[in-house]
Amino acid sequence: MDYKRMIADTVRLDGVSAQEIYEMLVPPKDSANGDYCLPCFKFAKQLRTSPIEIARRIAQETARVAALSKVEAVAGYVNYTLDKTMLAAQVLDRVLAQGDAYGASDQGAGKTVCIDYSSVNIAKPFHMGHMLNTAIGAALYRLYAKLGYRVVGINHLGDWGTQFGKLIVAYRKWGDPALVESSGVRGLLDIYVRFHKEAEQDPALDDQARAAFKAIEDGDPEAVALWNRFKDITMREVERTYARLNVRFDSYAGESFYNDKMQPVLDDLRAQGLLEYSDGAQIVRVGDDMPPCLLVRADGATLYATRDLAAAFYRKRTYDFDRCLYVVAYQQNLHFRQFFGVLERMGEPWAQDMVHVAHGMVSLEDGAMSTRSGHVVTLEEVLDKAVEKARGVIADKSPDLQDKDGVAEQVGVGAVVFGMLYNARIKDMVFSFDKCLNFDGETAPYIQYTYARCNSVLAKAGQSECEPDYRGLDNPEAAQLIRLLDRYPQTLVEAARKYEPCIVSRHLVDVAQAFNKFYFEHSILQASPAEREARVRLVRATRHVLASALDLLGIGKPERM
RNA sequence: GUAUCCGUAGCUCAGUUGGAUAGAGCGUCAGACUCCGACUCUGAAGGUCGCAGGUUCGACUCCUGUCGGGUACACCA
């Protein structure tokens with residue numbers, strides 16, 4: 001039942017529709033003012049009446065709406081307070097009936113969303129910058145799936161380009177097959193870094209690298225075999241990391257996949273007369289406020305944008321998406337505006353369904369990360385340190401815990417992932433181990449602790465046949481918690497609409513905080529049987545919402561910790 | 001230079017299509033475990049919302065300008 005609707009339908013104001021009223025009913029900032037409020041200032045001019053008088057009249061009209069325990073006109077606002085016991089009964093019934101599926105919806109039924117995220121580079125380490133990208137993309141993936149969309153997760157592998165020529169040259173010169181096999185990406189990175197260092201002294205190396213890449217392009221068996229080997233080594237490692245993060249992809253079609261799919265797009269552009277020559281290169285103009293999009297180099301080679309264009313057409317054809325998201329750092333803002341602009345000029349109606357979900361950059365305290373110079377913090381070492389720290393806390397505080405290693409993994413990895421998803425995605429992040437390994441306050445361990453605490457209470461509560469008496473929840477702490485549980489579904493919708501996982505994480509923290517306050521102020525198991533049942537139901541509902549949100553963010557849920 | 005994003009407490013950040021006295025965590029200080037898990041909870045201190053105009057009954061929120069910072073700007077991805 002929709003209380004806002006009931007109130008809105010009862011209001012009679014000349015020239016104002018129930019829908020307008022409905023949309024104006026908002027939760028007051030201070031919940032002491034009630035559950036909803038209606039500011040009446042807007043009506044004053046057209047009704048030629050003071051907001052105070054209008055509020056008074058509306059308050060009178062709507063006072064008879066059932067389920068309201070209080071209606072008050074205050075300083076031009078009408079404040080509505082819902083009957084706490086009725087609200088509690090309704091919200092808890094709804095949450096408990098749906099369980100962990102609470103918050104799911106069918107808004108995406110029949111619709112497809114493609115999400116391009118993570119996009120690892122072959123032969124390069126998976127560092128904290130990729131972590132941010134991957135966490136955001138994976139959270140959006142699960143979020144859209146929860147809202148009923150068919151989601152296609154795409155890992156657009158960086159598996160093409162002259163760097164592979166460099167790697168081949170470096171590998172042939174300094175690579176020890178056995179060593180590279182055992183040291184993996186680290187070993188590949190080492191010879192890659194060495195290549196750059198030596199190429200400064202010996203420019204001939206760059207020519208050899210170009211030749212080696214050309215060999216891959218021309219299908220030279222030995223070069224292609226090496227290239228595949230680099231891919232295998234990288235993917236083996238990356239898959240291990242994805243498994244730890246519980247991240248999955250539906251497609252690994254990367255750059256090389258589109259090698260043979262660019263020409264038709266270029267032909268199409270040429271046929272439409274959009275492709276122009278400029279200084280020997282071929283470009284498409286996309287508007288006066290930005291530089292043209294460069295698609296073919298003077299030497300005939302294609303570029304990043306060409307591949308993205310081919311990929312877009314392929315995805316539209318293959319998945320028939322309703323929306324295609326690109327989770328990529330804001331550094332590439334211009335690139336996406338240009339690339340989307342080309343689609344628009346081609347008259348593709350779906351050009352407007354393309355979205356660059358831009359996020360901030362991760363840097364280190366002593367400057368930007370650089371793969372070439374080896375100045376990176378890899379995800380693996382961060383996760384390992386976090387898990388190690390979690391293990392220490394567990395040894396200290398829960399020495400009798402079962403499966404200490406499993407829980408430490410969930411807590412440590414969870415803390416890192418949550419740190420990536422806690423702020424608005426556009427924010428830059430200066431990585432530090434101190435901040436990343438913080439387990440206090442608004443962190444994953446805090447939420448996981450709350451979740452474990454719920455489990456503990458529920459285990460002790462056992463089963464009950466008793467009918468709940470919701471007067472046991474008629475207190476500010478329970479009311480606040482119930483309000484938050486009630487708003488969870490619309491929170492998910494908003495997070496998806498804005499492509500902002502942090503809206504989910506913030507709500508998750510709010511729920512955990514509200515629960516802990518309630519827990520501290522009110523005894524659950526010691527209450528009278530009927531009130532105890534009401535409170536146990538609240539704990540159970542809270543547990544469902546915590547579980548659901550943790551799942552969406554990709555954070556483990558230790559039953560105990 | 002042009003475009004674009006960011007600027008809110010000592011630090012890191014929230015702030016719901018413009019609404020009532022701008023919120024949280026960390027840190028600091030002071031408290032709460034004979035009681036359902038103290039990885040918890042309570043309280044205090046801390047703010048010209050970068051600055052200046054404008055729109056509005058009402059601006060952290062919208063517009064213009066300005067200052068500070070990030071990023072990008074043709075043959076890399």
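Computing the accessible area with a 1.4 Å probe over protein heavy atoms, can you report the carbon and sulfur percentage for the range A:298-427?
The computed percentage sits at 46.
Along the range A:145-155, what does the Karplus equation 6.51 cos²θ - 1.76 cosθ + 1.60 (θ = phi - 60°) give for ³J(HN,Hα), rounded to whole Hz, x for Gly and Pro?
4, 4, 8, x, 7, 7, 10, 10, x, 10, 9
In square angstrom, rounded to the nearest 10, how much accessible surface does A:Met290 have for a 1.4 Å probe?
The accessible area of A:Met290 comes to roughly 30 Å².
For chain A, build the charge dipole from Cβ charges (+1 Lys, Arg; -1 Asp, Glu) around the Cα centre, then report which of A:Phe431, A:Ser370, A:Thr443 sits farthest towards its positive end.
The residue sitting most towards the positive pole is A:Thr443.
Working out 0.36 nm times the residue gap between A:Ser182 and A:Ala204, then minus their Cα-Cα distance, what length gain in nm do you get to one decimal?
Details: separation 22, 0.36 × 22 = 7.92 nm, distance 2.97 nm.
Fully extending the segment from A:Ser182 to A:Ala204 adds 4.9 nm.
Measure up A:Lys389/A:Lys435; A:Lys124/A:Lys389; A:Lys385/A:Lys435; A:Lys111/A:Lys146; A:Lys166/A:Lys214 against 19 Å on the Cα-Cα distance and list the ones that go over. Don't skip to the answer; put the middle values down first.
Values: A:Lys389/A:Lys435 13 Å; A:Lys124/A:Lys389 27 Å; A:Lys385/A:Lys435 12 Å; A:Lys111/A:Lys146 13 Å; A:Lys166/A:Lys214 11 Å.
Exceeds cut-off: A:Lys124/A:Lys389.
Residue by residue through the range A:219-235, which ³J(HN,Hα) values in whole Hz follow from phi under the Karplus form 6.51 cos²θ - 1.76 cosθ + 1.60 (θ = phi - 60°), with glycine and proline marked x?
Per residue, the Karplus-derived 3J(HN,Hα) values read x, 4, x, 5, 5, 5, 5, 5, 4, 5, 5, 4, 4, 4, 4, 5, 5 Hz.
Of all DSSP beta bridges in chain A, what percent run antiparallel (nearest 5)? Intermediate results must be reported in sequence, preceding the final value.
Numbers: 24 of 44 bridges.
The antiparallel proportion sits near 55 percent.
For the range A:92-182, which whole-number percentage of the solvent-accessible area (1.4 Å probe, protein heavy atoms only) is attributable to carbon and sulfur atoms? Don't jump to the answer; show the numbers that get you there.
Working: 1460 of 2830 Å².
It is 52 percent, rounded to a whole number.
Using amide H atoms built in the peptide plane, which far-off residues or other-chain residues are under 5 Å from A:Leu68 H to H?
Residues meeting the amide H criterion: A:Asp83.
Return the carbon/sulfur percentage of the accessible area of the range A:444-504, one whole number, probe 1.4 Å, all protein chains in place.
Values: 1250 of 2610 Å².
In the range A:444-504, the share of accessible area belonging to carbon and sulfur is 48 percent.
So how strong a dipole does the range A:416-559 carry about its Cα centre when Lys and Arg Cβ are +1 and Asp and Glu Cβ are -1, to the nearest 20 debye?
260
Round to the nearest 10 and give me the degree value, 0 to 90, for the angle of helix A:501-521's Cα axis relative to the longest principal axis of chain A.
40
Working out 0.36 nm times the residue gap between A:Lys42 and A:Asn438, then minus their Cα-Cα distance, what length gain in nm do you get to one decimal?
Gain in length upon complete extension: 137.9 nm.
Using amide H atoms built 1.01 Å from N in the peptide plane, name the residues 5+ places from A:Val74, or on other chains, whose amide H lies under 5 Å from its own.
A:Asn79
Taking the Cα centre of chain A as the origin, how large is its charge dipole in debye, to the nearest 20, when only Lys and Arg (+1) and Asp and Glu (-1) carry charge on their Cβ atoms?
1200
Leaving ligands, DNA and RNA out of it, work out the accessible area of A:Glu344 with a 1.4 Å probe and give it in Å² to the nearest 10.
Roughly 130 Å² of A:Glu344 is accessible to a 1.4 Å probe.
For A:Ile283, what accessible surface area do you get with a 1.4 Å probe? Give it in Å², rounded to 10.
Using a 1.4 Å probe on the heavy atoms, I get roughly 10 Å².
According to a simple spin-label model (label point 7 Å from Cα along Cα-to-Cβ), what is the distance in nm between A:Ala109 and A:Arg497?
2.0
By a straight-distance test (C-alpha under 24 Å), which lysines pair with A:Lys84 as possible cross-link partners, with residues fewer than eight away in the same chain excluded?
The reachable lysines, counting only those whose Cα sits under 24 Å from A:Lys84, are A:Lys4, A:Lys29, A:Lys70, A:Lys517.
Convert each backbone phi in the range A:362-375 into a coupling constant with the Karplus relation 6.51 cos²θ - 1.76 cosθ + 1.60 (shift: θ = phi - 60°), then list the ³J(HN,Hα) values in order as whole Hz, x for Gly and Pro.
9, 10, 9, 4, 9, x, 5, 6, 9, 5, 4, 8, x, 8
Taking 56 Å as R0, compute the FRET efficiency from the Cβ-Cβ separation of A:Glu61 and A:Ala459 and round it to 0.05.
Given R0 = 56 Å and the Cβ-Cβ separation, E is 0.70.
Roll a 1.4 Å probe over the protein chains and send me the accessible area per residue for the range A:442-531 in Å².
45
What 222 nm value per residue comes from the helices of chain A, counting each DSSP H run with n ≥ 4 as -39,500 (n - 2.57) and dividing by all residues, nearest 500 deg cm²/dmol?
One gets -18500 deg cm²/dmol as the mean residue ellipticity at 222 nm.
How much area per residue is accessible in the range A:275-376 when the probe is 1.4 Å and only protein heavy atoms are counted (Å²)?
For the range A:275-376, the solvent-accessible area averages 47 Å² per residue.
Taking the Cα centre of the range A:113-225 as origin, work out the dipole magnitude from +1 charges on Lys and Arg Cβ and -1 charges on Asp and Glu Cβ, in debye rounded to 20.
Working: 12 positive and 14 negative charges, 138 e Å.
Taking the Cα centre of the range A:113-225 as origin, the dipole is about 660 debye.
Given a Förster distance of 30 angstrom, what is the FRET efficiency for A:Arg560 paired with A:Val26, based on the Cβ-Cβ distance and rounded to 0.05?
FRET efficiency, A:Arg560 to A:Val26: 0.15.
Given the Cα-Cα distance of A:Glu467 and A:Arg297 and 0.36 nm per residue of separation, how much length would full extension add, in nm?
Details: separation 170, 0.36 × 170 = 61.20 nm, distance 7.45 nm.
So the extension gain works out to 53.7 nm.
Just grab the label-to-label distance for A:Gln490 and A:Met346, each label 7 Å out from Cα along the Cβ direction, in nm (one decimal).
4.1
The values are calculated or read from the model by the stated rules, or taken from the named source; none is laboratory data. In this text, all values refer to a predicted model and were calculated from it rather than measured experimentally. Glycine gets a Cβ as well: all are built from the backbone with ideal geometry, and neighbour counts include every protein chain shown. Only protein heavy atoms, including side chains, enter the accessible area calculation; ligands, DNA and RNA are left aside. Shrake-Rupley method; radii C 1.70, N 1.55, O 1.52, S 1.80 Å.
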